[in-house]
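The values are calculated or read from the model by the stated rules, or taken from the named source; none is laboratory data. All of these numbers come straight from a predicted model, not from anything done at the bench. Cβ: placed from backbone, ideal geometry, glycine included. Neighbour counts: every protein chain shown.
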Amino acid sequence: MSCLDGDICVVTGACGFLGKTLIRMLVEQEKNIREIRLLDINVKQELLQSLEECRGDIKLIAFEGDIRDSEFVRRACREATLVFHIASIIDVIDAVASSEMYGVNVKGTQNLLDACIQENVASFIYTSTVEVMGPNPEGEPVVNGHEDMAYRISLKFSYSKTKKEAEDRTLGCNGEPLQNGGRLATCALRPMYIYGEDCRFLLGHMADGVRNGDVLYRMSMREAKVNPVYVGNVAAAHLQAARSLKDPARRADVGGKFYFVSDDTPHISYSDFNYAVMSPLGFSIQDRMAVPLRLFYVVCFLWEMACLMLRPFRRVVPPINRQLLTMLNTAFSFSYDKAKCELGYVPKYTWQQARSNTTQWLAQQLPKQREKIWKK
């Protein structure tokens, strides 16, 4: 197994959900990394302090700035050997303006790729998403899908469109010549819905459940099974991708490819997953959706039309739209077999460990959520 001895790593989105998990894994498992550069808009001192005891001789350097700033990005990549590009705007209700989404997700990625070529960075790993596949608006299901399958992709969210374009640009730069005579190697990872400690979506669902008398809302039919992935396992996949790109024997095979990242979390609907991690805290879940699915689509359509009519005067975003409803109610699961075979990825955490860690974290957050809601 090739290690990252002597590497200088740049991690974008360093203070985010996945970013800080990856950084901790790097300092704990790759003791001979030379330097990790934490790139984010605002690098929190608490993160640096939390890593102090386990970092050993690894240098941790904060780079505060915006990936849309090409000069800043180039400075951050100078003399680096590896970039983990995790930073992006995540938005599944189209609340963020398309221009801002494109600027961060696409132009920011291109700035990083250009900087890698200019500054002789050897390897680039892009954090994509399963949503670059869909589901398409017709809700065509996928069960245990794989990288070579045919699927009619028709993306509606600005988020999924910009992530797909950024992924395409990343893979298109594989093999680009560097200034020092080497070549850039790139790959992309497509995680399923990521859960775990610090997952803001889980916090939101828990808060909704508290407001509803500790009853979780059912927004997904039971048969709409997906396979969420634990954040620690996504970080482990990133580390394996980096090791593979550094290994001369595997670099050519991995470069230019994308890989789905899942783990052994049971295939389950989004709503039933929320119940699986929150039921130990006393939450129940609605037996069925409050509104029949077909009627829900009609309601979403009317919401969308009303918001569209208001758009010239005020930007109003419906809490749910038809495409999000499709995503929540489409069976959409993917295998990690190719990542296992080519990257050597094996989930680091079992479902039992991942569920326990997530539930313990939610238990710590629950009193704060109750207090916030009671104050209102």
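Within the range 134-157, can you find the residues that are on the phi < 0 side of the Ramachandran plot and buried (at least 21 other Cβ atoms within 10 Å of the Cβ)?
Pro135
Is at least one residue of the range 35-44 buried (at least 21 other Cβ atoms within 10 Å of the Cβ), within 19 Å of Arg200 (Cβ to Cβ) and free of Cβ contacts under 8 Å to residues at least 40 places away in the same chain?
No, because not a single residue in the range 35-44 is buried (at least 21 other Cβ atoms within 10 Å of the Cβ), within 19 Å of Arg200 (Cβ to Cβ) and free of Cβ contacts under 8 Å to residues at least 40 places away in the same chain.
Looking only at residues that are farther than 24 Å from Tyr230 by Cβ and not hydroxyl-bearing (Ser, Thr, Tyr) in the range 117-133, which one is surrounded by the fewest Cβ atoms within 10 Å (Cβ to Cβ)?
If we take residues in the range 117-133 being farther than 24 Å from Tyr230 by Cβ and not hydroxyl-bearing (Ser, Thr, Tyr), then Gln118 is surrounded by the fewest Cβ atoms within 10 Å (Cβ to Cβ).
Based on this model, can you work out whether Lys372 counts as basic (Lys, Arg), buried (at least 18 other Cβ atoms within 10 Å of the Cβ) and either in contact (Cβ under 8 Å) with a residue 40 or more places away in the chain or closer than 30 Å to Ala242 by Cα (or both)?
no
Between Phe201, Phe157, which is free of Cβ contacts under 8 Å to residues at least 24 places away in the same chain and within 20 Å of Thr326 (Cβ to Cβ)?
Exactly one residue qualifies, and that residue is Phe201.
Mind counting the residues in the range 183-198 that are farther than 9 Å from Val231 by Cα and not in a strand (DSSP E or B)?
Here the count works out to 4.
If I filter the range 336-371 down to residues being among the β-branched types (Val, Ile, Thr) and in a helix (DSSP H, G or I), which single residue comes out as nearest to the chain's Cα centre (by Cα)?
Thr358
Looking only at residues that are among the aromatic types (Phe, Trp, Tyr) and modelled with pLDDT under 95 in the range 303-356, which one is surrounded by the fewest Cβ atoms within 10 Å (Cβ to Cβ)?
Per the criteria, the residue is Phe313.
Here is a list: Lys20, Lys31. Which entry is over 15 Å from Asn111 (Cβ atoms), basic (Lys, Arg) and part of a helix (DSSP H, G or I)?
One residue alone meets the criteria, Lys20.
Please verify whether Met289 is under 30 Å from Pro318 (Cα atoms), outside any helix (DSSP H, G or I) and either of a type in the set (A, V, I, L, M, F, W, C) or in contact with a strand residue (DSSP E or B) (Cβ under 6 Å, 6 or more places away or on another chain) (or both), treating the condition exactly as stated.
yes
State yes or no: is Arg75 within 19 Å of Ile125 (Cβ to Cβ) and at pLDDT 95 or above?
no
For the range 256-285, enumerate the residues that are in contact with a strand residue (DSSP E or B) (Cβ under 6 Å, 6 or more places away or on another chain), β-branched (Val, Ile, Thr) and surrounded by 21 or more Cβ atoms within 10 Å (Cβ to Cβ).
Val261, the sole residue that qualifies.
Please go through the range 120-144 and pick out each residue that is closer than 20 Å to Lys161 by Cα and in a strand (DSSP E or B).
Listed by number, the residues that qualify are Ile125, Tyr126, Thr127, Val142.
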